[in-house]
Amino acid sequence: MRSVRALYVVVVTVSLTVAAAIAQQPRSGRPSRNRPLALVGGLLIDGTGGAPIRNSVVLIRGDRIEKVGTTVSLPVPGGYETVSAEGLTVLPGLWDLHVHLMYAGHPDARYWFATYTSQFERVIMPASADQMLMAGVTTVRDLAAPLQPIVAVKKRITSGEIPGPTLYVAGPALTKGANPNAVQTWNVSGAADATAKTRQLIDAGVDWIKIINAEQLTPDEMQAIVAEAHARGRKVAAHAFSESEIRRGLIAGVDDFQHVRTQTPEYPPDIVALIRDRIRNGPPLYWTVTAGGNGQLNAAYLASNPEFLDDPANFLGLPQPIADDVRRAIAARTQAGGGRRGAVQSQEEINAIVKHKIAQIRDLGVQIVFGTDVGSWGEVTAQATWMEADLWVRELGMNPMSVIRAMTLDAARVMGGDRDSGSIADGKFADVIAVRGDPLRHIDVLREPRIVIKHGRRFK
Ligand SMILES: [Zn+2]
């Protein structure tokens, strides 16, 4: 079905309009409703970090996990559709807390917005959402997008009209001094305006607030944004590119910093002191490190393994001309040496600094959060999640069980969703995947889930 549609799109390339019209008919988000389902016989990693359970049985009824046990403790009752998970590892659906459904990995954001903004809502965001779900990612947080399109896509996924992960969205990032015509940022002017814009975003349905370029904002504007968000039960994410925006963010009480950048070799003593203070007095400080994205840890690999980009699976659901455009641009960028635009450091220096700074904040007690920056250049939407997990194990030296917990229950806690999601437990939403092999030994088996179930519905 997918390949037939993909081929059809390839053949009918007379115009972007025609291709876009076809892409507007995605697979239904409503696969036929399952009978109660029993996943039987797999090794269960439940997301809590606890010991894996052999010969597991997971009973799913409606959108929830009904009961979890083993083939000995929980015989499958009559009337269940039994799906064998023999040879597979059963896990909670994965979470990715830094994605951009509006991008597709193209390195030139200016070109991307100029060329494709009108296709975000109907073509590109639905394709990204579908790719992520097929990659086993059942919940994402989209951090920066034009407001109306991302809220509309969230609604269409929630209603089952199109397939995709459960979506938490920020809408446009709040900032100052950005291009006033940009669709993915809103400029604020003064504390009252900062409060009003934050309120407007929340009223429109956003789940988180995102701030970028905090060094451009006054302390009053920062405080106003954070106070309004917290008063309405929303948390605030902010870029951590420059040291001054990190200082501003810590003083204003930002919840979750985004990215680790390499302009300086490590965080300086005054920022370390502010972080220590925050860890001591709370509330929790999160940091979504996005180790692979934006020409960091994945760039050297992409530069030396260009065949990776030719995999048609990377761009499923995108009209062929758009997929070709992205592929060509990434190839040109990686061949030009990869790395970040304007970076004066070598790839080795960039990678060493990323690793050092992540170690520095972890040592201070900051909880690092799993997110990829999917869609930023070098973060191919269909593959970024497993690649980031692989970097955490191989480059950051974390054990695979902790990485899986970071991708599931820990992520759900950051989002305040752990009562209903994030682990495989009686009564939680049935967001369940199964992969061939043992991710505790080879984390990259996460790349091709055999089974993807979201809210009790089987998508793969
Ligand atoms: Zn981002």
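The values are calculated or read from the model by the stated rules, or taken from the named source; none is laboratory data. Predicted model, so just to flag it, every value in this text is computed and none were measured. Neighbour counts are summed over all protein chains in view; Cβ atoms, including those assigned to glycine, are modelled from backbone coordinates with ideal geometry. To get the accessible areas, we keep the full protein, side chains included, count just its heavy atoms, and leave off ligands, DNA and RNA. Shrake-Rupley method; radii C 1.70, N 1.55, O 1.52, S 1.80 Å.
Which order do K210, K155, K197 take by accessible area at a 1.4 Å probe, largest first? Don't jump to the answer; show the numbers that get you there.
Numbers: K210 5, K155 135, K197 45 Å².
Reading off the accessible areas and sorting them downward yields K155, K197, K210.
Please compute the per residue accessible area over the chain with all protein chains in place, 1.4 Å probe, rounded to a whole number of Å².
Details: 17960 Å² over 460 residues.
Dividing the accessible area of the chain by its residue count gives 39 Å².
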Distance in nm between label sites at D193 and T71, each 7 Å beyond Cα in the beta-carbon direction?
-> 6.6
If the chain between R280 and E243 were fully stretched, how many nm would it gain, using 0.36 nm times the residue separation less the Cα-Cα distance?
-> 11.2 nm
Note, the stretch 118-123: 3J(HN,Hα) by Karplus (6.51, -1.76, 1.60, θ = phi - 60°), whole Hz, Gly/Pro = x, goes 5, 9, 4, 5, 9, 10
Grab the other residues whose beta carbon is less than 11 angstrom from that of W386, score K and R as +1, D and E as -1, and report the net.
-> -4
Given unit charges at Cβ for Lys, Arg (+) and Asp, Glu (-), the dipole magnitude of the stretch 309-397 about its Cα centre in debye, nearest 20, is 240
Using bins 10 angstrom wide from zero, how does P(r) for the stretch 137-206 break down, in % of all Cα pairs?
-> 21, 47, 24, 8, 0
The long-range amide H neighbours of V83, using H built 1.01 Å from N in the peptide plane and a cut-off of under 5 Å, are A38, L39, V40
In percent, what relative contact order does the chain have, based on Cα pairs under 8 Å that are 6 or more apart in sequence?
-> 22
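Kindly state, to the nearest 0.05, the FRET efficiency for T218 paired with A152, given R0 = 30 Å and r defined as their beta-carbon distance. Before the final figure, lay out each step's value.
Working: r = 33 Å, r/R0 = 1.10.
Approximately 0.35, to the nearest 0.05.
Just round it to a whole percent: the fraction of Cα-Cα distances in the stretch 369-460 exceeding 17 Å. Don't skip to the end; give the middle numbers.
Working: 2294 of 4186 pairs.
For the stretch 369-460, the share of Cα pairs beyond 17 Å comes to 55 percent.
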Cα-based Rg and Dmax for the stretch 139-262, in Å, come out at 14.1, 43
Farthest toward the dipole's positive end in the chain, which of T70, G416, T334, given Cβ charges of +1 (Lys, Arg) and -1 (Asp, Glu) about the Cα centre?
-> T70
Check K460: other-chain or 5+ apart residues with amide H under 5 Å from its amide H, H built from backbone geometry?
-> V452
Kindly sort S242, S423 by accessible area of their heavy atoms, largest first, with the probe set to 1.4 Å.
-> S242, S423
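Hey, any idea what % of the chain's accessible area is carbon plus sulfur with a 1.4 Å probe?
On the way: 9230 of 17960 Å².
Answer for the chain: carbon and sulfur cover 51 percent of the accessible area.
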If you take the charge dipole of the stretch 261-322 about its Cα centre, with +1 on Lys and Arg Cβ and -1 on Asp and Glu Cβ, which of Q320, A299, Q263 is farthest toward its positive end?
-> Q263
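Please grab the % of Cα pairs in the chain that end up more than 35 Å from each other.
Details: 29977 of 105570 pairs.
Of the Cα pairs, 28 percent sit more than 35 Å apart.
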Kindly write out, for the stretch 413-419 in residue order, the coupling ³J(HN,Hα) from the Karplus curve 6.51 cos²θ - 1.76 cosθ + 1.60 (θ = phi - 60°), rounded to whole Hz, with x marking Gly and Pro.
-> 5, 4, 8, x, x, 6, 5
Lys, Arg +1 and Asp, Glu -1 on Cβ, resulting dipole of the chain about Cα centre, debye, nearest 20 = 1040
Inter-part gap, Cα centre of the stretch 378-437 to Cα centre of the stretch 41-89, in whole angstrom, is 18
Under-14-angstrom lysine pairs by C-alpha in the chain, whenever the two are 8 or more apart or on separate chains | 6
What is the list of residues in the stretch 50-71 whose amide nitrogen lies under 11 Å from a point 7 angstrom out from the Cα of R35, following Cα to Cβ?
-> none
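Compute the projected area of the convex hull of the Cα atoms of the stretch 266-413, averaged over all viewing directions, and report it in nm² to one decimal place. Intermediate results must be reported in sequence, preceding the final value.
Values: hull surface 40.1 nm².
Spelled out: convex hull of the Cα atoms, projected over all directions, averaged, 10.0 nm².
Can you give the % of DSSP beta bridges in the chain that are antiparallel, to the nearest 5? Kindly include the intermediate steps, with their values, before the conclusion.
Values: 23 of 55 bridges.
About 40 percent, rounded to the nearest 5.
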Once both label points are put 7 Å beyond Cα along the C-beta direction, the Q200-T264 separation in nm becomes 3.4
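How large is the Kirkwood hydrodynamic radius of the stretch 245-314, in angstrom, based on all distinct alpha carbon pairs? Show your work: numbers first, answer last.
Working: mean 1/r = 0.0687 Å⁻¹.
Taking every pair of different Cα atoms in the stretch 245-314, averaging 1/r and inverting gives 14.6 Å.
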Rounded to the nearest 20 Debye, what is the dipole magnitude of the stretch 54-145 about its Cα centre when Lys and Arg each give +1 and Asp and Glu each give -1 at the C-beta?
-> 180
